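Here the structure comes first, spelled out in structure tokens, and everything after it is commentary.
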Amino acid sequence: MNIQKYMKRISNNIKVLTKWYDYKIGELEKDAGVSLGYISRISSKEESSSSMPLMNILVETSNKFKVSIDSLIYIDYSKFITEDSKRLYLFVETLLYLTDNGRMKWQINNDKDIKIDGAIGSYAVQYNKNISFYIFALETVNDDYPGFSLWVSNRDKKTNVATVTTYGPPLYEILREIFDSAGAHADSVFIDESADSAIRCFMAENGNVFDEALEQKKYKPLFDRLNGRKDDEITLTFFEIEQCLGFELPKSAYKYSSFWANNENGQHHHCLSWLNAGYKTVGISKSLIDQYVTFKKI
């Protein structure tokens, strides 16, 4: 076993988590009761020889970000690079964390109104009066294995967030399979406005708040491109938008019109890049086919 390899992964994973949540590493080290700079030194032979500081930082990171200690050791967080895969990953990790700690008690779904075609059974948990989660066991996804579909219900709107092909283990293992597949092997990952709102609420109530300012900052170049323009309409191709932003748009931008929605509630904070510049998107369904967006003066 290469101990140094795991130590380096732990150090890198903690740095990724703190970056995702815009949390200062020094604050995490202080809360864990370890010396400043400890996380950067974890992979050194001197630091890895002492288990107590390492256990302190693992427990503190697990509790603060609602991720398992196992995943801190064995999963490479850096592989989750798109916003949707990152969000799905952290969301399912939190489901796992709360399930493992007995704070979310799943039951067989007996609600006949909540069902999908091709499902042979499902589990459900009522999180609060508005938000529920469902896992459906599917009869077939491919020729070899059944599949599982994770759904979020936000009041009356239900959204299939992820479909995963796997062997069909018990509930906790189903969650683990969905977690392991988030953004990497999931057959589909889709977070629309309703699901996004429910997931943000769920994560915020459990202390995991996505850094909204960081998301807005990423899309500020698009705001700069539109702000102050006198044109009644401006049409930009997806490629031109990517050139403006300096990074590739997430896959959901190419597949789902909800990515380009003029969300007045601000659940998708990148939409503020055009709303704050005085524009709204129009004709999205055609845009997805031809890969362009038209912004119309508000």
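The values are calculated or read from the model by the stated rules, or taken from the named source; none is laboratory data. In this text the structure is predicted, and so the values were computed from the model without any measurement. Positions of Cβ are backbone-derived with ideal geometry, glycine not excepted, and every protein chain shown enters the neighbour counts.
Based on what the data block shows, is Y279 over 24 Å from the mean Cα position of the chain (by Cα) and either over 26 Å from Y23 (Cα atoms) or modelled with pLDDT of 85 or more (or both)?
Numbers: over 24 Å from the mean Cα position of the chain (by Cα): yes; either over 26 Å from Y23 (Cα atoms) or modelled with pLDDT of 85 or more (or both): yes.
For Y279, the condition - over 24 Å from the mean Cα position of the chain (by Cα) and either over 26 Å from Y23 (Cα atoms) or modelled with pLDDT of 85 or more (or both) - is met.
Pairs needed: first member in region 84-113, on the phi > 0 side of the Ramachandran plot and modelled with pLDDT under 80; second member anywhere, among the β-branched types (V, I, T) and crowded, with 22+ Cβ neighbours inside 10 Å; C-beta distance under 7 Å; at least 6 residues apart or different chains.
Between residues of region 84-113 that are on the phi > 0 side of the Ramachandran plot and modelled with pLDDT under 80 and residues that are among the β-branched types (V, I, T) and crowded, with 22+ Cβ neighbours inside 10 Å, there is no close pair.
If the requirement is being among the hydroxyl-bearing types (S, T, Y), assigned to a helix (DSSP H, G or I), farther than 30 Å from L95 by Cα and at pLDDT below 75, which of these qualifies: S252, S287? Step through it out loud before you land on a result.
Numbers: S252 fails: farther than 30 Å from L95 by Cα.
Matching residue, one of S252, S287: S287.
When you scan region 59-77, how many residues do you find that are crowded, with 18+ Cβ neighbours inside 10 Å and under 18 Å from the mean Cα position of the chain (by Cα)? Break it down into steps so the answer makes sense when it comes.
Here is the first cut: in region 59-77, the residues crowded, with 18+ Cβ neighbours inside 10 Å are 60-61, 64-67, 71-72, 75, 77.
Filter once more, so that each one left must be under 18 Å from the mean Cα position of the chain (by Cα): 61, 64-67, 71-72, 75, 77.
Residues that pass the stated criteria total 9.
Search region 114-141 for residues being surrounded by 12 or more Cβ atoms within 10 Å (Cβ to Cβ) and of a type in the set (V, I, T), and hand back the single one that is modelled with the lowest pLDDT.
Looking at residues that are surrounded by 12 or more Cβ atoms within 10 Å (Cβ to Cβ) and of a type in the set (V, I, T), I get V141.
Do you know which of the residues in region 255-276 that are farther than 19 Å from R225 by Cα and polar (S, T, N, Q) is modelled with the lowest pLDDT?
Q267
How many residues does region 60-109 contain that are outside any helix (DSSP H, G or I) and closer than 21 Å to L28 by Cα?
Within region 60-109, the subset outside any helix (DSSP H, G or I) is 66-68, 75-76, 80-82, 101-109.
Imposing the further condition that a residue be closer than 21 Å to L28 by Cα reduces the set to 66-68, 75-76.
Of the residues in region 60-109, 5 are outside any helix (DSSP H, G or I) and closer than 21 Å to L28 by Cα.
Within region 95-135, work out how many residues are among the aromatic types (F, W, Y) and over 20 Å from the mean Cα position of the chain (by Cα).
First, pick out the residues of region 95-135 that are among the aromatic types (F, W, Y): 97, 106, 123, 127, 133-134.
With the extra rule that they be over 20 Å from the mean Cα position of the chain (by Cα), the set shrinks to 106, 123.
Here the count works out to 2.
Report, by residue number, each residue of region 89-116 that is among the hydrophobic types (A, V, I, L, M, F, W, C) and either within 27 Å of L54 (Cα to Cα) or touching a Cys at 6+ places or on another chain (Cβ under 9 Å) (or both).
Taking region 89-116 first, the residues among the hydrophobic types (A, V, I, L, M, F, W, C) are 90-92, 95-96, 98, 104, 106, 108, 114, 116.
Within region 89-116, L90, F91, V92, L95, L96, L98 meet the criteria.
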